[in-house]
1. Can you report the number of residues in segment B:1-22 which are open to solvent by less than 80 Å² (accessible area, probe 1.4 Å) and within 12 Å of another protein chain (Cβ to nearest Cβ)?
2. Name the residue that is farthest from the other protein chains (Cβ to nearest Cβ), counting only residues in segment A:68-80 that are in a strand (DSSP E or B) and over 10 Å from the mean Cα position of the chain (by Cα).
3. What are the pairs, 6+ residues apart or on separate chains, where a residue within segment B:1-16 that is at pLDDT 95 or above has its Cβ under 9 Å from a residue that is charged (D, E, K, R) and exposed (fewer than 12 other Cβ atoms within 10 Å of the Cβ)?
4. Would you tally the residues in segment A:11-23 being at negative phi, open to solvent by 40 Å² or more (accessible area, probe 1.4 Å) and either hydroxyl-bearing (Ser, Thr, Tyr) or assigned to a loop (DSSP other than H, G, I, E, B) (or both)?
5. Give me the residue from segment B:48-65 that is under 14 Å from B:Ala90 (Cα atoms) and modelled with pLDDT of 95 or more and, out of that set, surrounded by the most Cβ atoms within 10 Å (Cβ to Cβ).
6. Consider B:Leu46 carefully, then state whether it is outside any loop (DSSP other than H, G, I, E, B) and away from chain A (no Cβ under 14 Å).
7. Is there a residue being without any contact (Cβ under 8 Å) to a residue 24 or more places away in the chain and within 10 Å of another protein chain (Cβ to nearest Cβ) anywhere in segment A:81-99?
8. Which residues, taken from segment A:71-95, are open to solvent by 50 Å² or more (accessible area, probe 1.4 Å) and either closer than 26 Å to B:Glu38 by Cβ or at pLDDT below 95 (or both)?
Amino acid sequence: KAGVTQTPRYLIKTRGQQVTLSCSPISGHRSVSWYQQTPGQGLQFLFEYFSETQRNKGNFPGRFSGRQFSNSRSEMNVSTLELGDSALYLCASSSDRTSTDTQYFGPGTRLTVL
Amino acid sequence: TQLLEQSPQFLSIQEGENLTVYCNSSSVFSSLQWYRQEPGEGPVLLVTVVTGGEVKKLKRLTFQFGDARKDSSLHITAAQPGDTGLYLCAGVPSSNTGKLIFGQGTTLQVKP
């Protein structure tokens, strides 16, 4: 089974621009979660989508948004980029998001905002 | 706010030594997971513990979930250079099973 894939792997943007990141989950997985990882804050939960619906949301500003398509692929968008948005963005998929369900992480997209 | 405090943040040891990483919280978790992340990769799940007092072993790694389900530990016996990486604990709060809360991580370096 192919793992979780994320594109692009690296991205450089400037302040004020917007960016779209893509995540393809493991085949058959319907839940996709997004996380932001920075050296200072660690891994922080952004949001989770299940069957095209946002099921949970973290404490991030409205500039961070996402969506999920019928094939479970997911995208996240960050508008009006700020320097502090520089981070590794990880997505994880699971067959369902229960308390003990295993999440499989992709390699991440490294976003640098200049 | 449900926080997971992980300690130590950094650990540099010689091959063959033992070590323990701790993950503590004031909140109760319905389950707790341990991940290992290598540079340029996403975290990989090592183990999930769900029952208070549970102990799981994975070769030289021993994981324990506290009786009150508020804390966990990871013990590595006879560490090897291949154990080098970032170790993350993550918990699902009993009050909100929709989120996975991560600790800050422990960076482990095992020198040959």
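1. Going through segment B:1-22 one residue at a time, the tally reaches 3.
2. Step one: filter segment A:68-80 for residues in a strand (DSSP E or B), giving A:68, A:74-78.
From what's left, over 10 Å from the mean Cα position of the chain (by Cα): A:68, A:78.
On the way: A:Gln68: 15, A:Val78: 19 Å.
For segment A:68-80, the residue satisfying everything is A:Val78.
3. Qualifying pairs under 9 Å: B:Ser12/B:Lys111; B:Ile13/B:Lys111; B:Gln14/B:Lys111; B:Glu15/B:Lys111.
4. Step one: filter segment A:11-23 for residues at negative phi, giving A:11-15, A:17-23.
Right, trim to open to solvent by 40 Å² or more (accessible area, probe 1.4 Å) and you get A:12-15, A:17-18, A:20.
The next check asks that each one be either hydroxyl-bearing (Ser, Thr, Tyr) or assigned to a loop (DSSP other than H, G, I, E, B) (or both); those that pass are A:14-15, A:17-18, A:20.
Number satisfying all stated conditions: 5.
5. Quick first cut of segment B:48-65, residues under 14 Å from B:Ala90 (Cα atoms) only: B:48-50, B:63-65.
Next, only the ones that are modelled with pLDDT of 95 or more stay: B:63-65.
Details: B:Phe63: 23, B:Gln64: 18, B:Phe65: 25.
If we take residues in segment B:48-65 being under 14 Å from B:Ala90 (Cα atoms) and modelled with pLDDT of 95 or more, then B:Phe65 is surrounded by the most Cβ atoms within 10 Å (Cβ to Cβ).
6. Details: outside any loop (DSSP other than H, G, I, E, B): yes; away from chain A (no Cβ under 14 Å): no.
No, not satisfied.
7. yes
8. Within segment A:71-95, the subset open to solvent by 50 Å² or more (accessible area, probe 1.4 Å) is A:71, A:73, A:80, A:82-84, A:95.
Listed by number, the residues that qualify are A:Asn71, A:Arg73, A:Gly84, A:Ser95.
The values are calculated or read from the model by the stated rules, or taken from the named source; none is laboratory data. Since we're looking at a predicted model, the values are computed, not measured. Using ideal geometry, Cβ is built from the backbone for each residue, glycine included, and neighbour counts are taken over all protein chains shown. Accessible surface areas use protein heavy atoms only, side chains included; no ligands, DNA or RNA. Shrake-Rupley method; radii C 1.70, N 1.55, O 1.52, S 1.80 Å.
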